[in-house]
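What follows is a short report on a single structure.
The values are calculated or read from the model by the stated rules, or taken from the named source; none is laboratory data. Keep in mind it's a predicted model, so treat the numbers as computed, not measured. A quick note on method: Cβ atoms are made from the backbone with ideal geometry, for glycine too, and the neighbour counts reach across all protein chains shown. These accessible areas exclude ligands, DNA and RNA; they are computed on the full protein's heavy atoms, side chains included. Shrake-Rupley method; radii C 1.70, N 1.55, O 1.52, S 1.80 Å.
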Amino acid sequence: MCHVSVGHIARLLEAEGIPTVVIAVKAFLPRLEPMKIPRLVTTNHPMGRTLGAPGDRERQRAVIVAALRLLETATRGGTILELNEPYRITA
């Protein structure tokens, strides 16, 4: 079985002219930084909840908007945007 990480896929897509932004939880930052991913957004959320809690549309939207803005504004490869808002559970 071949194991290919999201970082490798992002670099392959970028090589073909397709811009990418990877969104990941901060717990993976030590593994992702050395990969030199073109653009990376990290959140303080738990694994499996990268965008936020189920039903937390406001937070999910904020993470996606931040990723799209990074796609538009990053001026160099390896740009990392750390979103520091804590994970929250919605009622």
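Taking the 0 to 90 degree range and rounding to the nearest ten, how far is the long axis of helix 57-73 tilted relative to the main principal axis of the chain, both from C-alpha atoms?
30
Rolling a 1.4 Å sphere over the protein heavy atoms, what is the accessible area per residue of the chain, to the nearest Å²? Walk me through the intermediate numbers first.
Details: 6190 Å² over 91 residues.
Ligands and nucleic acids excluded, the result is 68 Å² per residue.
What does the charge add up to near Pro38, with Lys and Arg as +1, Asp and Glu as -1, over the other residues with Cβ less than 10 Å from its Cβ? Please list the in-between numbers first.
Working: positive: Arg11, Lys36, Arg39, Arg76; negative: Glu14.
Summing Lys/Arg as +1 and Asp/Glu as -1 gives +3.
Report the residues of the stretch 36-70 in range of a label on Glu14: point 7 Å along Cα→C-beta, backbone N strictly under 11 Å from it.
In the stretch 36-70, the label zone of Glu14 (backbone N under 11 Å from the point 7 Å along Cα→Cβ) covers 36-40.
Any idea what Rg and Dmax come out to for the chain if you just take the C-alpha atoms, in Å?
13.4, 43
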